[in-house]
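Participant: Can you keep this structure in mind? I'll have questions shortly.
Bear in mind these aren't lab numbers, they're just calculated from the coordinates by the rules spelled out. All values derive from a computational prediction rather than experimental measurement. Cβ coordinates were reconstructed from backbone atoms using ideal geometry, including for glycine residues, and neighbour counts include every protein chain displayed.
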Amino acid sequence: MIYVTLGTMFLDFERLVRKMDAIAEKTGERVVVQLGLSTTIPQHCEHFDFKSHEEVLEIQQEARLLVGHAGIGVTLDALRVRRPFILVPRLKKFNEHLNDHQVDIAEAVARRGWGRMVMDIEALEEACAHPLPFPEYYSPAREGLVQAVRRLVDRVAMEKP
């Protein structure tokens, strides 16, 4: 099963929903999508808007792969449940976010080997078929990670208009 999360952003993430829906239809693999406030509804995926964090962690534990926007919460969850993780940043040019800060977060996660960043949605099917394994060397350092990501977000926010 693939678990997909779109986060809590009020803007739609049609690009990711449609691609995951096509992957589910083509492969027959169970795909569960947390839509949040997105308005695009998949036809071939199970979906829900929101669940408690405990319920989400249970679903993630069952998944062979996590796919999500490049938010801090889903990144921490992927590390907690020790699942391969694909980050698809929400992009301003597609009206999925107000800026492109998620690209910076996804790059930082990918640089550390904690997940794989996919910028071209057409590359997502291959990434799902052959995800990078969860890094064996990772050991949780939640507070250090949160602080590092906060510093990164603050720095990017100061640099971008």
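Participant: Scan around residue 67 for amide H atoms under 5 Å from its own, H built in the peptide plane at 1.01 Å from N, and keep only partners 5 or more places away or cross-chain.
Facilitator: Amide H to amide H, under 5 Å and 5 or more residues apart or across chains, residue 67 pairs with 3, 4, 5, 86.
Participant: Something else now. In Å and from the alpha-carbon atoms only, list the Rg and Dmax of segment 64-144.
Facilitator: That works out to 12.3, 36 Å for Rg and Dmax.
Participant: Here is a follow-up. Check which residues have an amide H placed less than 5 Å from residue 31's amide H, if you skip close sequence neighbours.
Facilitator: 2, 46
Participant: Grab the beta carbon distance between residue 94 and residue 136, set R0 = 41 Å, and tell me the FRET efficiency rounded to 0.05.
Facilitator: According to the calculation, E is roughly 0.75.
Participant: Per residue Cα convex hull volume for the chain, in cubic angstrom?
Facilitator: Residue-normalised Cα hull volume stands at 106 Å³.
Participant: Also, quick follow-up: If the chain between residue 37 and residue 80 were fully stretched, how many nm would it gain, using 0.36 nm times the residue separation less the Cα-Cα distance?
Facilitator: 13.0 nm
Participant: Excluding residues on the same chain fewer than 8 positions from residue 93, give the aspartates and glutamates whose Cα lies under 20 Å from its Cα.
Facilitator: The qualifying aspartates and glutamates are 12, 14, 104, 107, 120, 122, 159.
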